[in-house]
1. Run Glu195 past the list (1) under 30 Å from Phe77 (Cβ atoms); (2) modelled with pLDDT of 85 or more; (3) open to solvent by 60 Å² or more (accessible area, probe 1.4 Å) and report the number of the one that doesn't hold.
2. Going through region 16-41 one residue at a time, which ones are buried (at least 18 other Cβ atoms within 10 Å of the Cβ) and without any contact (Cβ under 8 Å) to a residue 40 or more places away in the chain?
3. Is it true that Val44 is assigned to a helix (DSSP H, G or I), over 22 Å from Leu7 (Cα atoms) and open to solvent by 60 Å² or more (accessible area, probe 1.4 Å)?
4. Limited to region 20-41, what total is found for residues that are out of contact with any strand residue (DSSP E or B) (no Cβ under 6 Å at 6 or more places or on another chain) and part of a helix (DSSP H, G or I)?
5. Where residues in region 47-70 are among the β-branched types (Val, Ile, Thr) and closer than 19 Å to Pro12 by Cβ, which of them is least open to solvent (accessible area, probe 1.4 Å)?
Amino acid sequence: MKKQLLLVTSPPACGKTFISKMLATNLDHVVYLDKDTLIPLSNVAYRVAGEEINRSSQFFEDNIRNVEYEVVLNLAFEALQYEDLVLINAPFTREIRDTEYMISLKNKLREYDACLTVIWVQTDLEVCKQRMIDRNSERDTWKIEHWDEYIKTRDYSIPDNLKDPNVIDQFLIFKNSSDEEYEESMKEICNILQEKL
């Protein structure tokens, strides 16, 4: 069996974190990594630079965003040397639509005798907004206050460039707009991943 990197991805508030943790709970021998674990470290960069903490700002884009992705991937590559299954919970929304980036990531994973599975969490926009309101996080304040402006900057559509009809476990869609969708998707995706393992 090959080692496997799972990327659980979507725009914010689609349910990535809960779903990622439940997948990690239901699968055996998983290293779980959450890009949000890096936020306290990233917030130091804002303070040192005298910038407002705003993860939708140009400062974040220029100085923090890509470094967070680089670090979480480096942690995943390191973990793959010791465990067969690593799961990353992170948006990756820009990267997964970049075909060259994804090819490069798959090539890098071959160095660890590992393959990639992307799990895209699909959630209705109004459900996402309500989840942001309910979780009451500082990182969402600007997004909620400028909702129409914010959603224009995010692509909630399914990244069709990842679909390969010949490979059923390379790109999976986890539907998460209701409890019923969640239960059905969790069962289906766990079954697919367990068969691969």
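The values are calculated or read from the model by the stated rules, or taken from the named source; none is laboratory data. Nothing here was measured: the structure is a model prediction, and the numbers come from that model. Neighbour counts are summed over all protein chains in view; Cβ atoms, including those assigned to glycine, are modelled from backbone coordinates with ideal geometry. Side chains included, ligands, DNA and RNA excluded: accessible areas come from the protein's heavy atoms. Shrake-Rupley method; radii C 1.70, N 1.55, O 1.52, S 1.80 Å.
1. With (1) under 30 Å from Phe77 (Cβ atoms); (2) modelled with pLDDT of 85 or more; (3) open to solvent by 60 Å² or more (accessible area, probe 1.4 Å) applied to Glu195, the lone miss is (2).
2. Within region 16-41, just Leu38 meets the criteria.
3. yes
4. 12
5. By that ranking, first place goes to Ile64.
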